[in-house]
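The values are calculated or read from the model by the stated rules, or taken from the named source; none is laboratory data. The structure displayed is predicted, hence computed values, not measured ones. Cβ coordinates were reconstructed from backbone atoms using ideal geometry, including for glycine residues, and neighbour counts include every protein chain displayed. Side chains are part of the model used for accessible areas, which takes the heavy atoms of the whole protein and leaves out ligands, DNA and RNA. Shrake-Rupley method; radii C 1.70, N 1.55, O 1.52, S 1.80 Å.
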Amino acid sequence: MLKSVSIHLVLIAACIVAVYPFLRVVSISLRPGSALLSTSLALIPPGATLENYRTLIFDKDFTIWLWNSLIVSGATVLIGLLLAATAAYAFSRWKFPGRRQGLVFLLLTQMLPPGMLLLPIYIMVVRLNLFNTYTGMIIAYSVGSVPFSIWLLKGYYDTIPRELEEAALVDGAGPLTTFYRIVLPLATPALAIAGLFNFMTAWNEYMMARVMLQKASMFTWPIGFQKLRDQFTTQWGVFSAASVLVAIPAMLLFLYSSKWLISGLTLGGLKE
Amino acid sequence: MARVYLENVTKKFGNVVAVEDATLEIADKEFLILVGPSGCGKSTTLRMVAGLEEITEGNIYIGDTLVNDIPPKDRDIAMVFQNYALYPHMDVYNNMAFGLKLRKFPKAEIDRRVHEAAKILGIESLLKRKPKELSGGQRQRVALGRAIVREPKVFLMDEPLSNLDAKLRVQMRAELAKLHDRLKTTIIYVTHDQTEAMTMGDRIVVQKDGLIQQVGPPMEIYHHPDNAFVAGFIGSPAMNFMDAVLRRDGDDLWVQSDGFKVKLPRTRFETADEYIDKEVIFGIRPEDILDLDFAKDADPDLIVTANVDVTEPMGAEVYVYLSAGKESYIARVDAHTRARPGTTHKVVFNTEKAHLFCKDTEVSIR
Ligand SMILES: Nc1ncnc2c1ncn2[C@@H]1O[C@H](COP(=O)(O)OP(=O)(O)OP(=O)(O)O)[C@@H](O)[C@H]1O
Ligand SMILES: [Mg+2]
């Protein structure tokens with residue numbers, strides 16, 4: 001009883017710490033322009049209005065930025081999962097020349113600080129005529145996400161007992177069928193984590209986008225936000241409204257993927 | 001036609017030779033039992049027939065087809081894995097239906113076969129459960145069911161009843177025998193269980209350290225083991241082995257050990273002459289050591305007096321642990337025996353059924 005109470009107290013405290021800043025942002029986004037710099041702590045400010053949201057959506061390019069971000073992040077996730085899920089399977093299951101070296105190389109790419117890659121990637125992108133394009137952004141992001149996902153997924157595949165695949169082979173499945181009927185379904189938690197992580201990385205990425213995107217119609221939201229600030233004076237109300245809105249896709253994604261993050265999926269297949 | 005033929009098959013894992021030069025012909029519709037101690041290569045043999053393990057040397061034929069390079073899915077075999085290998089993300093029904101679905105069987109047919117197998121195995125009420133919601137024995141039956149529904153050319157079963165309780169095991173043994181009669185499929189069956197080995201198969205293969213020791217019908221293996229290993233491995237409690245010296249006395253053949261000397265039937269050991277006055281291994285099964293009280297007119301030359309160390313009542317019979325001199329052995333006698341621990345007791349060695357093995361090679365002397 002006491003234990004349950006203390007656990008709840010801690011959890012409630014943690015919730016407040018986590019949620020309070022967000023609520024403040026929500027509250028600021030609801031303020032009418034006149035009360036922007038008010039020091040009031042009321043969550044619903046006096047004269048609450050959705051004016052900031054209206055400005056953001058109809059007077060700014062906000063929807064374009066959001067759309068661009070969605071396309072780039074979504075494609076990064078899809079490409080990353082597609083390449084990584086298959087590559088990781090090969091790394092996990094087959095012995096081939098260069099396997100070890102390949103894995104180490106992938107790890108090395110993850111050790112370079114992203115800043116170091118800015119210039120080379122910029123030059124490549126310009127040479128390949130991918131400046132200001134989705135393709136360029138997606139490739140640049142995938143360079144980071146694929147190796148990470150391969151490692152993550154390989155580690156997970158390694159825990160899936162081979163006998164399950166062998167049973168499928170004997171049951172009449174070819175290697176490909178075995179992969180998508182047995183291995184992939186069992187790997188959903190790892191796929192979900194890799195997808196989620198890659199999405200969040202691409203979604204919030206700023207530095208690369210700053211270098212690669214010059215055309216306003218191609219801006220992702222982090223770049224767009226910067227423009228929001230740079231124009232005359234910063235409109236904190238609009239800015240807050242934008243922050244609230246970009247948080248929504250991420251939250252939805254977390255909620256949705258939590259259903260895939262089940263542990264113990266491979267339990268029960270083998271003796272003991 | 002699904003005879004299975006292994007021709008000089010060898011499997012090496014690096015330096016470990018798991019199966020060595022195995023040649024074995026399994027006739028169409030035969031029920032073949034593979035036995036041997038842990039690590040002797042039984043599973044490896046099955047896995048090579050299944051196509052899950054590459055063959056280092058030799059050939060395997062299923063029917064008349066050389067299958068060395070044919071993938072498992074095209075071999076038309078079904079396998080019960082030693083550790084079940086159920087698909088954890090599918091319920092019992094789909095675990096069993098998976099193979100049939102892949103082979104594009106009509107839904108009604110799949111349904112019929114799954115339900116039929118589930119009924120035989122007593123798991124009808126579990127069809128909607130996931131493997132992790134099942135007990136070990138239930139999982140094993142699902143694994144068996146998954147193979148049964150396939151009705152393949154060849155069944156490969158790796159200790160399929162090992163995790164069942166005694167009663168269920170007896171029941172499943174009968175079901176498998178029935179199934180074999182009905183489906184007329186070739187079955188290769190790995191087991192540790194003496195009773196399964198003796199009762200289920202047409203022939204038994206005894207393996208040791210990757211080498212086939214003997215192949216033959218159960219009774220032949222039991223009564224005429226080729227070597228001491230086979231003799232000791234088949235039968236429970238195991239055959240008694242005693243160091244002894246072979247003696248000749250006139251026309252008679254005797255075996256002399258530390259604690260006894262008994263006469264051997266000459267006709268049974270025709271090639272024994274070269275071992276006269278040499279050390280041999282004398283083997284006799286517990287049931288061939290009789291309680292003198294129940295063998296009144298026994299030949300006096302076969303009677304041995306021994307100390308009773310322990311008695312183990314098994315119900316219908318008693319295992320009596322005897323010792324004489326350096327040798328100790330087990331007799332399996334009637335429950336009414338008067339042998340009591342700490343006393344001496346007279347027993348009769350039925351040497352008509354005894355065995356002699358060469359001390360060096362452990363090969364049978366006949
Ligand atoms: N993948 C492998 N790599 C290396 N050695 C292996 C491998 N699989 C089996 N072995 C070895 O091959 C030998 C035979 O193994 P196998 O599994 O066939 O034995 P088994 O007769 O089935 O034993 P058990 O009764 O314990 O199941 C063993 O010595 C084992 O250690
Ligand atoms: Mg085995």
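Some notes on this structure:
- Calculated [222 nm] ellipticity per residue, helices only, for chain B: -7000 deg cm²/dmol; basis is -39500 (n - 2.57) per DSSP H run with n ≥ 4, divided by all residues, nearest 500.
- Within-14-Å neighbourhood charge of B:Glu279 [Cβ basis; K, R +1; D, E -1]: -3
- In this structure, the pairs whose alpha-carbon distance is over 23 Å, taken from A:Lys259/B:Lys130; B:Lys261/B:Lys296; B:Lys42/B:Lys119, are B:Lys42/B:Lys119.
- Per residue, the convex hull around the alpha carbon atoms of chain B comes to 168 Å³.
- Extended-chain gain in nm, criterion 0.36 nm per residue less alpha-carbon gap, B:Phe294 and B:Asn68: 75.6 nm
- Overall, the anisotropy analysis places the protein assembly as shown in the prolate class: the square-rooted eigenvalues a ≥ b ≥ c of its C-alpha gyration tensor yield a/c not less than 1.5, with a/b exceeding b/c.
- Spread of Cα-to-Cα distances over 5 Å intervals beginning at zero, given as percent, for the range B:1-130: 2, 9, 16, 18, 17, 14, 12, 8, 3, 0
- Cα shape, the range A:187-236, gyration tensor, a/c 1.5 rule: prolate
- The packing ranking, built from the mean of other Cβ atoms within 10 Å per residue, places the peptides B:333-340, B:120-127 in the order B:120-127, B:333-340, highest first.
- Each of B:Phe31, B:Ala108, B:Val308 was scored by the projection of its Cα onto the charge dipole of chain B, and the greatest displacement toward the positive side belongs to B:Ala108; charges sit on the C-beta of Lys, Arg, Asp and Glu.
- Centroid-to-centroid separation of the range A:235-265 and the range B:91-136 [C-alpha atoms, Å]: 41
- Over the range B:240-365: Kirkwood hydrodynamic radius from C-alpha pairwise inverse distances, Å: 14.8
- Inter-chain Cβ neighbour count for B:71-78, averaged per residue, equals 5 (cutoff 10 Å, partner chain atoms only).
- Helix A:114-127 and the longest principal axis of the C-alpha atoms of chain A enclose an angle of approximately 90°.
- For chain A, fraction of C-alpha pairs farther apart than 30 Å, in %: 47
- Taking the Cα centre of the range A:1-87 as origin and assigning +1 to Lys and Arg Cβ atoms and -1 to Asp and Glu Cβ atoms, the resulting dipole is close to 260 debye.
- Semi-axis lengths, largest first, of the ellipsoid equivalent to the range A:8-127 are 45, 23, 15 Å, with √(5λ) applied to each eigenvalue of the Cα gyration tensor.
- Between the range B:220-294 and the range A:60-96, the Cα center-to-center distance that results, in Å: 74
- For the residues A:Ala87, A:Ala173, A:Ala241, a GNM of chain A with alpha-carbon springs under 10 Å puts the largest fluctuation on A:Ala173.
- Centroid-to-centroid separation of the range A:147-222 and the range B:160-213 [C-alpha atoms, Å]: 44
- Those aspartates and glutamates that a straight Cα-Cα span of less than 15 Å connects to B:Lys128, excepting residues fewer than 8 apart in one chain: B:Asp91, B:Asp111
- A simple count of charges around B:Ala2, restricted to other residues whose Cβ falls under 15 Å of its Cβ and scoring Lys, Arg +1 and Asp, Glu -1, yields -2.
- Carbon plus sulfur fraction of accessible area for the protein assembly as shown, probe 1.4 Å, in percent: 60
- Computed [θ] at 222 nm, helices only, for chain A once each DSSP H run of length n ≥ 4 contributes -39500 (n - 2.57): -22500 deg cm²/dmol
- A simple charge model with +1 on the Cβ of Lys and Arg, -1 on the Cβ of Asp and Glu and nothing else charged puts the dipole of the protein assembly as shown at about 3980 debye relative to its Cα centre.
- Interface B-A: total buried accessible area of about 2300 Å², 1.4 Å probe, protein heavy atoms only.
- Solvent accessible area, Å² - A:Trp221, 1.4 Å probe, full protein context: 30
- Most positive-pole-ward Cα, B:Asn240, B:Gln207, B:Phe260, against dipole of the range B:192-283 from beta carbon charges: B:Phe260
- Within-13-Å neighbourhood charge of A:Ser38 [Cβ basis; K, R +1; D, E -1]: +2
- In chain B, the longest principal axis of the Cα atoms and the axis of helix B:107-121 are about 20 degrees apart.
- Residue by residue along B:141-150, Cβ atoms of other protein chains within 10 Å of the local Cβ number 1 on average.
- Pairs of lysine residues in the range A:60-258 - Cα separation under 17 Å, sequence separation of 8 or more or cross-chain: 4
- Heavy-atom accessible area per residue - the protein assembly as shown, 1.4 Å, Å²: 48
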